[in-house]
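To start, the structure under review is shown below, and the notes come after it.
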């Protein structure tokens, strides 16, 4: 089966982590160690993404870009307004007022697609669903390999029918957002290597396994299950080159945090994070409304990060967060490569 990665020395991928953790410096360190880096296109302006692509090109020719596929889900405006009211006291801690009117956008999809067709990169991965097949074909026409992130065998079938070149199979243990096509669905707690086997029994496409990559043994399990590569995210969050906020980095090492949970309270989509006070106080709301909830809580989360307030910050983390270490990202890649 053709590898989903062009010319990568090691089958270790730096997962794209939107919101600042994925940086050009992180991409450089991963590539220098023989891994395959991704830039996170989500939440960035097309101009900033273009600048990062140009900078990464000066460091390595082999890298990928991840895009968020726009959500088409309607927002329950009454439920959204109720949630905004519920969060009023949280925002008041920082003198903020939350807008009860939902804000939605398509994350500049058309502009980013135009950027990547005019200035092609080796690989583009897609998260949160599938775009029109014509968009996939437009990327492929430039020579780009297109990967879809999937969380079920049904999603894998849809991705194959859309014409993608390969899959990122994401298990429920992954940190940050679940890539589920249906944000109203809570991902089933199935081991990633089991999901990889199920997907490969369903479709014949190259696979990158994501979720639960907490050490060399996990790498070996994924490769034995049939994956061509593994994607690591959480283990890179505390590294020197990651743009993770100091508050987030400190929380990942804080023994006061004892578990991760899937929650919608920060963005309106299921995402795995360290359980903190904000989750405990608002988990019953569980509002399915992305990206409206993301925009609603964004200023609050930013203020919490600046203030060192881990109680109100979205502390994305996979189930293997305790194995996240400081030091260079290159060391993480080389450690994981012991499982190859």
Legend entry - Degrees between helix 46-57 axis and first principal axis of the chain (Cα, 0 to 90, nearest 10): 40 degrees
Inset, instruction - Tell me the label-point distance for the pair residue 111, residue 47, using the 7 Å Cα-to-Cβ offset, in nm and rounded to one decimal. - result: 0.8 nm
Inset, instruction - Report the full-extension gain for the segment residue 285 to residue 118: residue separation times 0.36 nm, less the Cα-Cα distance, to one decimal in nm. - result: 55.9 nm
Inset, instruction - Any chance you could list the semi-axes, whole Å, largest first, of the equivalent ellipsoid that the Cα gyration tensor gives for the range 250-325, using √(5λ)? - result: 20, 14, 10
Legend entry - Between 0 and 90°, nearest 10: helix 153-162 axis offset from the chain longest Cα axis: 60 degrees
Inset, instruction - Kindly provide the helix-only [θ] at 222 nm of the chain, computed as the sum of -39,500 (n - 2.57) over DSSP H runs of four or more divided by all residues, to the nearest 500 deg cm²/dmol? - result: -10500 deg cm²/dmol
Legend entry - Amide N of the range 138-181 lying under 20 Å from the label point, which is placed 7 angstrom from the Cα of residue 61 along Cα→Cβ: 140-146
Legend entry - Cα shape, the range 193-335, gyration tensor, a/c 1.5 rule: oblate
Inset, instruction - Working from Cα positions, state the angle (0 to 90°, nearest 10) between the long axis of helix 292-307 and the longest principal axis of the chain. - result: 80 degrees
Inset, instruction - Could you calculate the contour length gain from residue 253 to residue 137, that is, 0.36 nm times the residue separation minus the distance between their Cα atoms, to one decimal place in nm? - result: 37.4 nm
Inset, instruction - Please label the shape of the range 1-133 as rounded, prolate or oblate, based on the square roots a ≥ b ≥ c of the eigenvalues of the alpha-carbon gyration tensor (a/c under 1.5 means rounded; beyond that, a/b larger than b/c means prolate, else oblate). - result: prolate
Inset, instruction - Quick one: give the max-minus-min coordinate of the C-alpha atoms of the range 94-139 along each principal axis, largest first, in Å. - result: 45, 19, 15
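Quick one: if the Förster radius is 22 Å, what FRET efficiency do residue 224 and residue 9 give, using the C-beta to C-beta distance and rounding to 0.05?
With a Förster radius of 22 Å, E is 0.65.
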Legend entry - Gyration tensor verdict on the range 49-93 (Cα atoms; rounded if a/c is under 1.5, prolate if a/b is larger than b/c, oblate otherwise): oblate
Inset, instruction - Could you sort 235-246, 251-262, 161-172 so that the peptide with the highest average Cβ count within 10 Å comes first and the rest follow in order? - result: 161-172, 235-246, 251-262
Inset, instruction - Please give the peptides 149-156, 202-209, 53-60 ranked by average Cβ packing (other Cβ atoms within 10 Å per residue), highest first, as a rough proxy for protection. - result: 149-156, 202-209, 53-60
Inset, instruction - Quick one: check the C-alpha center-to-center distance for the range 288-340 versus the range 207-271, whole angstrom. - result: 8 Å
Inset, instruction - Work out the FRET efficiency for residue 88 and residue 2 from their Cβ-Cβ distance, taking R0 = 56 Å, and round it to the nearest 0.05. - result: 0.60
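If you average 1/r over all unlike Cα pairs in the chain and invert the result, what Kirkwood radius do you get in angstrom?
In the chain this quantity evaluates to 19.9 Å.
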Legend entry - Highest to lowest packing among 316-328, 78-90, scored as the average C-beta count within 10 Å: 316-328, 78-90
Inset, instruction - Would you kindly compute the Cα radius of gyration of the range 118-256 and its largest Cα-Cα separation (Dmax), both in Å? - result: 15.9, 50
Inset, instruction - Looking at the chain, send over the antiparallel percent of its DSSP beta bridges, to the nearest 5. - result: 20 percent
Inset, instruction - Work out Dmax and Rg for the range 1-50 from the C-alpha atoms and quote the Rg first, both in angstrom. - result: 11.8, 36
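Between residue 326 and residue 299, what FRET efficiency comes out of the Förster formula 1/(1 + (r/R0)^6) with R0 = 30 Å and r the beta carbon distance, rounded to 0.05?
For residue 299 and residue 326, the calculated efficiency is 0.55.
A short reminder: the numbers here are calculations on the coordinates, not readings from a lab. The structure presented is a predicted model; accordingly, all values stated were derived computationally and were not measured. Quick reminder, even Gly has a Cβ in these numbers, built from the backbone with ideal geometry, and neighbours come from all protein chains shown.
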